[in-house]
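The values are calculated or read from the model by the stated rules, or taken from the named source; none is laboratory data. If you're wondering where the values come from, they're calculated on a predicted model, not measured in any experiment. Ideal geometry is used to build each Cβ from the backbone, glycine not excepted, and the neighbour counts take in all protein chains shown.
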Amino acid sequence: MKNKLAYILCFLTLGVFIMIYIQDRTHLFKFDKLNGVYYEPKETKLALNTFKNGTFQKNLEDNLRYNFGFRELLIPIYNQYIWDFYHKSSNYTVKVGKDDWLFGWDDVANYYQGAKYRYGDDKMATKHSLDLEASRLYKVQHILDEYGVFLFVSLLPSKAFVFPEYLPKNPDATRESFHAITYYPHVFDSLGINYINVQKVFEDWKGHVDYPLFPKTGMHWSHIAAEHAFDTIMRYVEHAGHRKLLHYTIGEKYAVSEPRYPDADLEAILNLRRPIKPNAYYYADVTVVPDSTASYPSFLVIGDSFFWNISGSVPLGQLFRKYQFWYYNSTVYFNDQHKQTGEVDLLDEMLHTQIINLSYSPRQLYIFSNNFLPKALLYLTHEDYEIDSTLHAIAMGIEKESDEEKMKAAQDSLFSSPETFFPDLAQEGIPGARNSRIQVIR
């Protein structure tokens with residue numbers, strides 16, 4: 001009897017492996033793709049050197065892990081098993097907090113460890129970097145104000161900072177007390193920088209609103225919270241920027257069972273077989289109030305992914321003559337002419353925009369502006385030919401295979417630290433020099 005059972009188990013195991021192999025080769029059964037970002041490993045040919053250095057074995061293992069048959073079926077089953085029995089996530093980027101609240105790993109690390117988790121342990125060096133960026137902001141803000149351009153900052157909220165009571169336990173016993181989200185407001189106040197602290201606004205709203213500020217299953221603010229937050233931001237622009245803008249009303253909230261993206265983006269990348277639990281998601285419709293006395297400006301946002309909830313819920317095309325989103329100052333959205341910021345004439349774009357908004361959440365403040373400010377300061381205060389000649393001089397000293405790679409490296413060097421090559425930009429106060437092309441553009 002025992003022998004028969006052993007044979008049966010042996011044949012069943014063999015059959016499973018055969019089915020996995022057939023599915024891997026033929027994709028006979030179709031399944032939905034798994035959620036999340038993943039990269040298909042490259043194949044490495046078997047050769048003496050790849051075998052000896054281990055790259056063939058490593059890439060073979062990675063390929064088998066990525067491409068095995070029934071992967072899309074078996075991984076969610078396994079994920080559901082460890083969720084149901086151990087209440088854990090197999091995705092290291094998702095941290096499970098109290099009462100099934102989900103948090104992004106970066107947000108948890110930023111809350112407990114501050115800049116230390118990614119940008120090093122030297123608090124003074126981090127402060128110096130933030131001070132330098134604030135100084136650039138101060139200079140660019142005042143120069144643009146000369147030409148009627150209102151530049152301001154939105155310090156956006158973090159789920160971890162608004163709802164720390166739901167966070168998982170601190171993974172590091174020694175908590176770093178320094179955070180950019182608490183440091184920047186003091187620096188901005190001392191310099192007279194235009195900004196609105198939406199993190200503080202959310203802390204004040206917490207417990208006093210009848211809609212969720214953040215969904216339990218997502219990383220970003222909820223759509224309805226983004227609608228209210230953007231209304232608050234625009235009221236700030238009216239007051240600080242001395243201009244009348246169109247208003248909008250937010251209707252009654254309603255609940256749905258299927259969330260809009262990205263309200264369940266963290267739950268999605270867990271790749272479970274079942275929803276975590278029945279969860280209502282709240283939304284509200286926005287209606288723009290007509291007003292013939294209001295201005296109709298152009299609007300540019302440079303920032304992180306929190307803006308997607310605004311653009312997905314607020315009819316920006318009815319509020320602004322033109323609006324753009326420069327995602328991390330790299331990819332350009334809502335612009336038919338350009339797809340990358342490297343294609344844009346920055347000086348021309350700034351001077352033809354009435355409102356410019358730098359919009360970043362707490363964990364992204366350490367890369368605040370993504371080099372928009374140093375590049376903007378450089379082009380506002382120096383001639384194009386000076387910048388071009390400096391770029392070519394830098395490129396000549398860079399060892400790269402192609403001229404294109406050399407120029408890209410030169411741009412990265414100059415636009416991240418223009419003070420190194422133009423010492424006048426490091427001086428205190430507003431630079432007196434102006435790019436002569438400003439008069440042509442204006």
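Condition check ((1) under 20 Å from ALA225 (Cβ atoms); (2) not in a strand (DSSP E or B)) across all residues:
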residue	(1), (2)
PRO259	yes, yes
LEU266	yes, yes
ASN271	no, yes
LYS277	no, yes
TYR282	yes, no
THR287	yes, no
ASP291	no, yes
ALA294	no, yes
VAL301	yes, no
Which listed residue, of TYR283, TYR254, TYR261, TYR211, is under 28 Å from TYR166 (Cα atoms) and buried (at least 18 other Cβ atoms within 10 Å of the Cβ): TYR283
I'd like to know if region 148-156 contains one or more residues that are surrounded by fewer than 14 Cβ atoms within 10 Å (Cβ to Cβ), of a type outside the set (A, V, I, L, M), under 28 Å from GLN439 (Cβ atoms) and assigned by TED's automatic domain parsing to the domain that holds ARG235. yes
Has region 184-191 got any residue that is assigned by TED's automatic domain parsing to the domain that holds ASP348 and not in a helix (DSSP H, G or I)? no
For region 386-395, does any single residue satisfy the condition of being modelled with pLDDT of 90 or more, touching an Asp or Glu at 6+ places or on another chain (Cβ under 6 Å) and surrounded by 13 or more Cβ atoms within 10 Å (Cβ to Cβ)? no
Take GLU227 and tell me if it is surrounded by 19 or more Cβ atoms within 10 Å (Cβ to Cβ) and acidic (Asp, Glu). yes
When both residues are 6+ apart or on different chains and their Cβ atoms are under 6 Å apart, which pairs have a first residue that lies in region 353-373 and is assigned by TED's automatic domain parsing to the domain that holds SER129 and within 8 Å of ILE302 (Cα to Cα), and a second that is of a type in the set (Ser, Thr, Tyr) and not in a strand (DSSP E or B)? LEU358/SER369
I'd like to know if region 99-112 contains one or more residues that are among the hydroxyl-bearing types (Ser, Thr, Tyr), at pLDDT 85 or above, in a helix (DSSP H, G or I) and in contact with a Pro (Cβ under 8 Å, 6 or more places away or on another chain). yes
Among the listed residues ASN309, ASN329, ASN357, identify the single one that is over 22 Å from ALA134 (Cα atoms) and either surrounded by 21 or more Cβ atoms within 10 Å (Cβ to Cβ) or of a type outside the set (D, E, K, R) (or both). ASN309
Filter result (within 24 Å of SER89 (Cα to Cα), under 21 Å from the mean Cα position of the chain (by Cα) and among the charged types (D, E, K, R)) within region 165-223: LYS216
Of these, LEU391, LEU425, LEU365, which one is within 28 Å of the chain's Cα centre (by Cα) and hydrophobic (A, V, I, L, M, F, W, C)? LEU365
Out of SER129, SER154, I need the residue that is among the hydroxyl-bearing types (Ser, Thr, Tyr), within 24 Å of GLY303 (Cβ to Cβ) and part of a helix (DSSP H, G or I). Which one? SER129
Given the conditions (1) of a type outside the set (Ser, Thr, Tyr); (2) at pLDDT 90 or above; (3) not in a loop (DSSP other than H, G, I, E, B), which single one is not true for PRO168? (3)
Residues SER298, SER330, SER305: which one is among the small types (Gly, Ala, Ser), at pLDDT 95 or above, within 25 Å of the chain's Cα centre (by Cα) and under 30 Å from TRP101 (Cβ atoms)? SER305
Cβ pairs under 6 Å, 6+ apart, first in region 69-92 and within 13 Å of LEU270 (Cα to Cα), second modelled with pLDDT of 85 or more and among the small types (Gly, Ala, Ser): none
